[in-house]
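The values are calculated or read from the model by the stated rules, or taken from the named source; none is laboratory data. None of these values were measured; they are calculated from a predicted model. In this analysis, Cβ positions are derived from the backbone assuming ideal geometry, glycine residues included, and neighbour counts consider all displayed protein chains. These accessible areas exclude ligands, DNA and RNA; they are computed on the full protein's heavy atoms, side chains included. Shrake-Rupley method; radii C 1.70, N 1.55, O 1.52, S 1.80 Å.
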Protein chains: 2
Amino acid sequence: MPGTSLDQHRDRYAQRTEGMRASAIRALFAVANRPEVVSLAGGMPYLQSLPLDGLAEEFGQLVAKDGLVALQYGSGQGIPELREQICQVMALEGIKAHPDDVVVTVGSQMALDLTTRIFCDPGDVILAEAPSYVGALGTFSAYQAQVVHVAMDDDGLIPEALVAAIEQCRAAGRRVKLLYTIPNFQNPAGVTLSEARRPVIAEICRSAGVTVLEDNPYGLLGFDSTMRRAIRADDPDNVIYLGSFSKTFAPGLRVGWALAPHAVREKLVLANESTTLNPPVFNQMAISRYLATFDWQSQIKAYRQTYLERRDAMLGALAAHMPEGTTWTVPDGGFYVWVTLPEGFDSAAMLPRAVSARVAYVPGTAFYADQLGSRQLRLSYCFPTPERIVEGVRRLAGVLDGELEVMRTFGTGATRAVRGPQSPSPDTA
Amino acid sequence: MPGTSLDQHRDRYAQRTEGMRASAIRALFAVANRPEVVSLAGGMPYLQSLPLDGLAEEFGQLVAKDGLVALQYGSGQGIPELREQICQVMALEGIKAHPDDVVVTVGSQMALDLTTRIFCDPGDVILAEAPSYVGALGTFSAYQAQVVHVAMDDDGLIPEALVAAIEQCRAAGRRVKLLYTIPNFQNPAGVTLSEARRPVIAEICRSAGVTVLEDNPYGLLGFDSTMRRAIRADDPDNVIYLGSFSKTFAPGLRVGWALAPHAVREKLVLANESTTLNPPVFNQMAISRYLATFDWQSQIKAYRQTYLERRDAMLGALAAHMPEGTTWTVPDGGFYVWVTLPEGFDSAAMLPRAVSARVAYVPGTAFYADQLGSRQLRLSYCFPTPERIVEGVRRLAGVLDGELEVMRTFGTGATRAVRGPQSPSPDTA
């Protein structure tokens, strides 16, 4: 019977399992997935705009004509056709790369895992934005790496803060291995690293002997026509770049990649083989055919337009309904708005009441390795319709008003006078 | 330029990368994949008997009708329908299991990786048959676990040898975490653990506090109609069972699974999420539809018949052409024959000459963590036609004859008088 017996294996686990814990909010999200709840929590792309009938035709043809290859074992590095196409995708961001230096992975999450595996011994430091992607923090923790957060402002990661963090770690005798950064439409903060800062950040890391891990799933989903030049574009030797088809095409195929300096790429391929033998050949060929046959750039434009409308719906609703003292970031692309509640709020403690009021979000603490973020929360506008987004924000505002009422009655907390778009600073003050 | 720059990351890698090395035979296999070479090396299933047109129809319908689910993110444990079907598949081997205790993984290779991750700290011991699956040895090494081999005979793993290995490890102060075993049609030795020994092996491990990792990709591919009862069937609390659709359906979808005691299963799901977020939903739904719609048991029968014919072709050719002093195992199922060459041979050193003679195999040393196996080699009969198998064995015999000629001329080595089917004992004597 599941769950009823003592765990006789408990003395046999590896030490690293101590860093693997089920999220406290997991059970709640099972409830949050009910249709009556407006979920502003997940980062699921809105797939309704995909050409499903055309894809059905392509997928079927792939099996009928190339099934003996598509359904067979393949290369641990990924199929050459797709790696060439990936180089063309990255060229949009100024990256010049050779397909030899691309490794296809089971989503870019797997590339994150393999990079950490290659670089991090227990206790090694990974620098990451404050806040940072919850899935990366989980992976780093599974390898017993220590995350040290570096502050952001409206222009993204702050160079001076990065220098200070490296110096403090060094002074404490700690080994800094990687800077993990999401330069475009950051998850969860929604801010973008300014063009001016990119070479500065790269140079700081290069001279400090810290490898940059540039995670860019959202880069092509900007709301204007600006091409944001990848950090990797100007620093091929010290940057490992991660890309994904999950946000620009479809996550259910789990195809991402790493572009890495040659020696690192060799190790990534070995790690890929030891983990999965090879990424699914069918999925790689399906995406390769999609890129070759469909107007994928127009599809990305359609996604952008959808997400822009939804962002605007969310920003409008926030301005209309949030209580005084609430601030939020204004993303130029991607999926997320980062909200800072007035003093006294605890977004994790409030989540059950929000779900009861039929709205869900991710509490800010999920995005910190160090317990910060209790006054923050992440709202996603990618999946629900604009009408549902407005309704969700309205419900959230109702919950906040109720909390404020309680705080005023019992004298806890205090609100700040500001309201509106602000930097993503955590509640460090 | 790939390969031309010094590796500036070389001081930044994790210690575990020292256990990650490119196989010396990798480059050779690129050559071995040329069509003029008869490859008896790979373990690729013979997919030609799959109903590709019917599958094309199914895959297309899956996208057209359920694309919004199939192409979206999913559960880290795998979709419930498939986990239920997996329980039905395992029931054929006497396993009673609940879908809650199944975790779907990217091939069973990923389940191997995650199990090692959960159980093994650097230096921990994993017991494994001598010889054992090369891909498992690579994964164990990537986690800095130490493999201690346990001898087999024609009835598989020898219980007395297992007891002795555990005692020796304990006496040396080493922690034994897992017994890794492939009970059916073992890779590479082709032998099967006898029914009588199964509960004995299970009891030895249970009372020693060692978790059994039962890897069973070939279990349904036996050449007779015998149902071989899984070790897990009689020991649900101390066995982690790994299964795969790669050999019974198609490896290009990379879908395998682990069935684990409840507490272990919880950790496997966390590790699965941290590695890939979730296994590809499309692939899981495609296999679930295949199992629901097609006569998959007849497909497995067709596979069996194909592989039986090929095994017979190989055994006949070995008997006809191998030089005196050569012995081999006689598998009752699966993909592999394990060949022991006469004394004086070195199968790894001989491989370049074999590839020049247009035949490829895997040298025995690949299947040992401790340098044994230099006189052994693994021959696969799963992929080439019977005619090609006979031709491949004939070419291999020609290479052996040439080597013998050289050895006789220069007085190295000596042949034993035996020839024919034998136990899989390595060259320990």
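General observations
- Dipole of chain A [Lys/Arg +1, Asp/Glu -1 at C-beta], most positive-end residue of A:Leu351, A:Val134, A:Thr329: A:Leu351
- ³J(HN,Hα), Karplus 6.51/-1.76/1.60, whole Hz, each residue of region B:98-111, x for Gly, Pro: 9, x, 4, 9, 9, 10, 7, 10, 6, x, 6, 4, 5, 5
- Solvent-accessible area buried by pairing B with A, both sides, nearest 100 square angstrom, 1.4 angstrom probe: 7200
- Helix-only CD estimate at 222 nm, as mean residue ellipticity for chain B, using -39500 (n - 2.57) per DSSP H run (n ≥ 4): -13000 deg cm²/dmol
- Surface analysis of the protein assembly as shown yields an accessible area of 36 Å² per residue, using protein heavy atoms and a 1.4 Å probe.
- Residues with amide H under 5 Å from that of B:Gly420, placed H, sequence gap 5 or more: B:Thr326, B:Thr327, B:Trp328
- Residues listed by number, region A:315-343, amide nitrogen under 20 Å from A:Phe410 label point at 7 Å toward C-beta: A:341-343
- Gain on full extension, evaluated as 0.36 nm per residue between B:Ala292 and B:Arg394 minus their Cα-Cα distance, stands at 32.4 nm.
- Accessible carbon and sulfur surface of the protein assembly as shown relative to its total accessible area, %, 1.4 Å: 51
- For chain A, built as a Gaussian network whose Cα springs stay under 10 Å, the top-fluctuating residue of A:Lys65, A:Lys247, A:Lys267: A:Lys65
- Listed by chain and number, the lysines whose alpha-carbon sits under 20 Å from that of B:Lys267, ignoring those within fewer than 8 places in the same chain, are B:Lys177.
- Taking amide H atoms as placed 1.01 Å from N in the peptide plane, the amide H of B:Val359 lies under 5 Å from those of B:Val38, each 5 or more residues away in sequence or on another chain.
- Where GluC sites (Glu not before Pro) in DSSP loops with at most 16 other Cβ within 10 Å are excluded, longest remaining stretch of chain B: B:37-194
- A:Val418/A:Ser49 FRET efficiency (R0 41 Å; Cβ-Cβ; nearest 0.05): 0.65
- Gain on full stretching of the segment that runs from B:Leu6 to B:Glu160 - 0.36 nm per residue minus C-alpha separation: 50.4 nm
- Dipole check for the protein assembly as shown: with +1 at the C-beta of Lys and Arg, -1 at the C-beta of Asp and Glu, and the Cα centre as origin, the magnitude is about 220 Debye.
- In Hz, Karplus ³J(HN,Hα) per residue of region A:71-82 (6.51, -1.76, 1.60; θ = phi - 60°; x = Gly, Pro): 9, 9, 4, x, 7, x, 8, x, 6, x, 4, 5
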